[in-house]
Amino acid sequence: MQARGVDRLVVTRPEHVQYLTGFRPLYLMTAIVCLNADGQVLLVAPNVCPPHCAADEVLTYAAQLHSTLRQEQFAAAAECLQQYLAGVAVGQIGVDGSQFGLHALRAAGVQTTSVDEVTDLEPELWELRRRKDPDELALMRRAIECTDAMYQRAREIIEPGTNELELFGELHAVAVNVAGEPLSALLGNDYQCNSRGGPPRNREAAAGELYILDLGPCYRGYYADNCRTISVDRNPTPPQLQAWEAILPVFDMIQRDVRPGVSAKEIFERASRILAECSLGEFPHHLGHGVGLYPHEAPHLNPFWNDCFQEGDVFTVEPGLYSDPLSHGLRLENNYLVTAHGVELLTPFPLELH
């Protein structure tokens, strides 16, 4: 803020609110954080003052009236902020531009039709969020523990005739039990058998098929994101085993080559060359991405970005091969922490198809 000449940062995106204060509002509610260049933090919270937050002052607004959620929460929260800032010189305002709305803009003190006095600091916020602090890593490790238990249960119950929706419900229960509380957000994207991925269907798995489970439980705001593929009848075909063996060298390369300063795009290209040696399927997506308070963050292991790995990054690696003969394919995904001299594997549970 000082380097950019910003006097006051006002953010409304829930992930940024949590990053700055430790408080994450319920997904149906709005919160605002105002951070001054001198380090003073104001949190505008829904309904009541949170029992735990890192804020010098907390104001509350009524997000519900007689138990009914208000549709005009942003306006009500912004009114609190506006009253707090009444009489304070505007100066240069920083915002999280992707979600910052008219009500918050006016509350921050921008009253003219010009927004020249507004600076979008969201790119800097995303960059700061890359380096995970020990307390953040502890929450992410707990989310990863949920996925470990989910895969263990999946290996116990997947068989010909397993219904995708029923498996989804079973795995949700496992994750909640490990977390010891309701999860903050969705459980990941992919619960389809004989498919590259997608939400669970009212469909039964069949012998010979591969079941891709890409799981991403969110524990207290922090996501895990890793994937395993399971042979439905525990008897993978020779082509399926060959494709599985073709994927494993990608993880060896990650352990050997990734360290701070290495190009994530170059790592993607190396993985693509490894997978191209297998003619049984195609690799049509990114190799991975950062993860934290949001499912996809930097670094991007992707040809469309030029990121470099930084110490403190937590990222995914998800090589896959897909084709109809593989019924329909497989993907394996690990999570890693970038350390000063390499990477730490955060998901050391089995990769086998059976």
With the first residue restricted to the range 113-136 and required to be within 20 Å of A298 (Cβ to Cβ) and modelled with pLDDT of 95 or more, and the second required to be surrounded by fewer than 19 Cβ atoms within 10 Å (Cβ to Cβ) and among the aliphatic types (A, V, I, L, M), Cβ contacts under 8 Å at 6 or more apart or on different chains are K132/L337
Being modelled with pLDDT of 95 or more, more than 26 Å from Y336 (Cβ to Cβ), buried (at least 16 other Cβ atoms within 10 Å of the Cβ) and more than 23 Å from the chain's Cα centre (by Cα) narrows N194, N235, N202 down to just N194
Per the filter on the range 12-43, residues without any contact (Cβ under 8 Å) to a residue 40 or more places away in the chain, assigned to a strand (DSSP E or B) and within 25 Å of Q71 (Cα to Cα) are V33, L43
The lone condition G188 fails out of (1) in a loop (DSSP other than H, G, I, E, B); (2) surrounded by fewer than 22 Cβ atoms within 10 Å (Cβ to Cβ) is (2)
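Which residue is most open to solvent (accessible area, probe 1.4 Å), if the candidates are limited to the range 44-76 and must be at positive phi and free of Cβ contacts under 8 Å to residues at least 12 places away in the same chain? Before the answer, list the steps.
Quick first cut of the range 44-76, residues at positive phi only: 47, 66-67.
Now drop any that are not free of Cβ contacts under 8 Å to residues at least 12 places away in the same chain, which leaves 66-67.
Details: H66: 184, S67: 101 Å².
Only one residue tops the list, namely H66.
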Sole miss for G288 among (1) open to solvent by less than 30 Å² (accessible area, probe 1.4 Å); (2) touching a Lys or Arg at 6+ places or on another chain (Cβ under 7 Å) is condition (2)
Of the listed residues (V174, V178), the one being touching a residue at least 24 places away in the same chain (Cβ under 8 Å) and touching an Asp or Glu at 6+ places or on another chain (Cβ under 6 Å) is V178
Of the residues in the range 311-337 that are touching a helix residue (DSSP H, G or I) at 6+ places or on another chain (Cβ under 9 Å) and surrounded by fewer than 18 Cβ atoms within 10 Å (Cβ to Cβ), the one that is nearest to S263 (Cα to Cα) is G312
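Answer yes or no as to whether C146 is within 19 Å of the chain's Cα centre (by Cα), surrounded by 19 or more Cβ atoms within 10 Å (Cβ to Cβ) and modelled with pLDDT of 95 or more. Don't jump to the end; show me each part of the working.
Working: within 19 Å of the chain's Cα centre (by Cα): yes; surrounded by 19 or more Cβ atoms within 10 Å (Cβ to Cβ): yes; modelled with pLDDT of 95 or more: yes.
Answer is yes for this residue.
The values are calculated or read from the model by the stated rules, or taken from the named source; none is laboratory data. Not measured: the values here are computed from a predicted model. Don't worry about glycine lacking a Cβ; one is built from the backbone with ideal geometry, like all the others, and counts go over all protein chains shown. For accessibility, only protein heavy atoms count, side chains too; no ligands or nucleic acids. Shrake-Rupley method; radii C 1.70, N 1.55, O 1.52, S 1.80 Å.
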